[in-house]
Amino acid sequence: MKRIQILKAGLKLFVIHGLHAVTIAQIAAEANVGIGTVYRHFKSKEDIVQQIWIMQKTEESTYIFKNYTPEGNIRNQFNFLWERVIGYFLEHPLEFQFSYQFAASPILTKEIHEIAMKDFLKFDELFESGIKENLFKPLTARRLRLFTFSTINGWILWALDEKMEINTKIINMFLEMSWDAITK
């Protein structure tokens, strides 16, 4: 329980203030625990960031893949999964900002990414199926996933910054635009 409190406190503080501005003492105070308790669970701020990443990506993948069955046509699977990604980020703005801020951070080692991102390989499986059906532009499944994620991520940032109303019609339009960008 205290471990999760610390991770949630770190998530909030890192998003609001940035990694370098936050101290272990601030995380402890936000989590309502002593500094010793933080060090009992984590080696450093960097360890906290890594464990937040794993926790956040686990929660995200649970949300996204709930009720997902890789059946039917690829377009419907694409829409289902990416709509779930958008839904997760809109419902979890702190996690969205954390993901955006830390995705390319050197703190998140290859090993940490492999642990945290293993469930997201289902996206690559979807893209592989589309590649076999000759649906997509000549990119690897991983690059198709990263392009689509970057496009949707950027759109969400822009929409939030512009205070744009994000409704089903808008989401469907952006999913269609994303699909059109990667298909032949």
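The table that follows gives values for the structure above.
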| item | result |
| --- | --- |
| Segment 31-63, residues that are open to solvent by 50 Å² or more (accessible area, probe 1.4 Å), closer than 17 Å to Phe98 by Cα and not polar (S, T, N, Q) | Glu46, Glu59 |
| Which listed residue is of a type in the set (Lys, Arg) and within 11 Å of the chain's Cα centre (by Cα), from Lys118, Lys57 | Lys57 |
| Segment 1-18 residues that are farther than 14 Å from Phe96 by Cα, paired with ones that are of a type in the set (Ser, Thr, Tyr) (beta carbon under 7 Å, 6 or more apart) | Lys2/Thr37 |
| Scope segment 90-141; condition of a type in the set (Ser, Thr, Tyr) and under 29 Å from His17 (Cα atoms); matching residues | Ser99, Tyr100, Ser105, Thr109 |
| Residue identified as under 16 Å from Trp82 (Cβ atoms) and open to solvent by 40 Å² or more (accessible area, probe 1.4 Å) among Phe127, Phe147 | Phe147 |
| Per-region count, segment 55-83, residues over 25 Å from Met173 (Cβ atoms) and in a helix (DSSP H, G or I) | 7 |
| Residues that are part of a helix (DSSP H, G or I) and of a type in the set (Val, Ile, Thr), drawn from segment 153-177 | Ile156, Thr168, Ile170, Ile171 |
| Of all residues making up segment 150-165, the number that are closer than 18 Å to Phe80 by Cβ and open to solvent by 30 Å² or more (accessible area, probe 1.4 Å) | 1 |
| Residue list for segment 6-25, filter: more than 18 Å from the chain's Cα centre (by Cα) and surrounded by fewer than 16 Cβ atoms within 10 Å (Cβ to Cβ) | His17, His20, Ala21, Thr23, Ala25 |
| Index of the failed condition, Ile86 passing every other in (1) assigned to a helix (DSSP H, G or I); (2) surrounded by fewer than 16 Cβ atoms within 10 Å (Cβ to Cβ); (3) aliphatic (A, V, I, L, M) | (2) |
| Any chance Ser105 is open to solvent by less than 40 Å² (accessible area, probe 1.4 Å) and at pLDDT below 95 | yes |
| Any chance Glu125 is part of a helix (DSSP H, G or I) and under 15 Å from the mean Cα position of the chain (by Cα) | no |
| Pairs where the first residue, in segment 28-46, is within 26 Å of Thr109 (Cα to Cα) and the second is open to solvent by 70 Å² or more (accessible area, probe 1.4 Å), C-beta under 8 Å, 6+ apart | Ala28/Ile35; Ala31/Lys2; Ala31/Lys8; Thr37/Lys2; His41/Lys2; His41/Arg3 |
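The values are calculated or read from the model by the stated rules, or taken from the named source; none is laboratory data. The structure presented is a predicted model; accordingly, all values stated were derived computationally and were not measured. Every residue, glycine as well, gets a Cβ built from its backbone with ideal geometry; the counts of neighbours run over all protein chains shown. When the accessible area is computed, the model is the full protein with side chains, heavy atoms only, and any ligands, DNA or RNA have been set aside. Shrake-Rupley method; radii C 1.70, N 1.55, O 1.52, S 1.80 Å.
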